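The values are calculated or read from the model by the stated rules, or taken from the named source; none is laboratory data. Remember, it's a predicted structure, so these values are computed and weren't measured experimentally. We place every Cβ from the backbone using ideal geometry, glycine too, and count neighbours over all the protein chains shown. When the accessible area is computed, the model is the full protein with side chains, heavy atoms only, and any ligands, DNA or RNA have been set aside. Shrake-Rupley method; radii C 1.70, N 1.55, O 1.52, S 1.80 Å.
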Amino acid sequence: MGLRKRSFESLSKTGVNTVFLPGFNVPSTVTATNDLKEALAGADIVVSVMPSHHCRRVFEHMAQWLLPHMLFVSATKGVENDTLLRMTEVIHEVVHRLCGFAPKITAMSGPTFAKEVAKGDPTALTVASADLTLAGIVQKEFSDPGFRVYMNDDLIGVELGGALKNVIAIAAGVIDGLSLGHNPVAAVITRGLAEITRLAVVCGAKAQTMAGLAGMGDLVLTCTGGLSRNRSVGVALGQGQQLPQIIAGMHGMVAEGVLTTNAAIGLGRKYGVEMPITEQMYAILHDGKAPRDAIRELMTRPGRVEDRY
């Protein structure tokens, strides 16, 4: 039985997702289904949280049941590899092409570990849309005393911040896996933020968004938190494990940074943006470069003046 089928059956029978979120009861008002038509029937808000490489396929399948009044909330933190499109761009392209209308769409992102949200620990994040009226609807519907939702009109920045930080988190994990101490982790977070900001601004984002919850907030959490899958991949790489072995050990969980590294390299080359940390992570992940050699090359790059981004 596949992991997702096991997850569905567990939710249906016990009210607990024993595969992906064990130990937490899902509210009784939530009904599990593996039928997209049933899930979409009567929906006013559709939350999209599948892994980025499944987004296009799932929306192409859902298109027959999508309606113009629906409000879409994209919470996937990734970039499509082949097209270099953000998730809201993928959704817009598919819905416009197959349904004949422009979807009402927002993106939600920020520093959120699912287990902590499920426990009810205080969490803050942001929802973005070029139309703040749409963002305001999501803010109202999703907010509660333990879940604080801010609004932002920088859709590009919020999406790219959430996606690109995963690459930097792998780098932070590599440093931990090599037992190199706290100093280089702080440096990677700081210079990684500059790297993300350079690319995001060229893509049309606002620099100040990268100092917010979907930028620095999510970056710090993912680079330092023990629940971070992307950081864990980096730790394992630093300890000498190979990527296929690491992925197999995740038992169906997805570390978006592995795929996002490809897309980030593509975006950097498309816009002529220097991305040294991302380039070294790509070399480790896909070219078999030794992690220690990658860190050494980052440290011995020609000197330069530090700037904001």
Relative contact order [Cα under 8 Å, 6+ residues apart], the chain, whole percent: 15 percent
Per-residue HN-Hα couplings for segment 224-237 [Karplus 6.51, -1.76, 1.60; θ = phi - 60°; Hz; x = Gly/Pro]: 10, x, x, 8, 6, 5, 5, 4, 4, 4, x, 4, 5, 4
Under 14 Å, Cβ to Cβ, from R301 - net charge with Lys/Arg +1 and Asp/Glu -1: -3
Carbon and sulfur %, accessible surface of the chain computed with the full protein complex present, 1.4 Å: 54 percent
GNM result for the chain, Cα springs below 10 Å: residue of V30, V49, V79 fluctuating most strongly: V30
Heavy-atom surface of segment 3-43, accessible at 1.4 Å and reported per residue (Å²): 69 Å²
Check: the chain dipole with +1 on Lys, Arg Cβ and -1 on Asp, Glu Cβ, in debye: 420 debye
Where a label projected 7 Å from the Cα of V117 along Cα→Cβ would reach, residues of segment 82-111 with amide N under 17 Å: 87-88, 106-111
GNM result for the chain, Cα springs below 10 Å: residue of P27, P51, P103 fluctuating most strongly: P27
Dipole magnitude (debye, nearest 20) for segment 193-290, charges at Cβ of Lys, Arg, Asp, Glu: 80 debye
Max mean-square fluctuation residue, GNM over the chain, Cα-Cα springs under 10 Å, options G272, G238, G212: G272
Anchor K206: lysines whose Cα lies under 23 Å away (excluding residues fewer than 8 positions away in-chain): K77, K104, K165, K270
Estimated dipole of segment 87-240 in Debye, rounded to 20 [Cβ of Lys and Arg +1, of Asp and Glu -1, Cα centre]: 220 debye
Per residue accessible area of segment 136-238, 1.4 Å probe, in Å²: 37 Å²
All aspartates and glutamates inside 13 Å of K5 as judged from Cα atoms, apart from same-chain residues fewer than 8 positions distant: D35
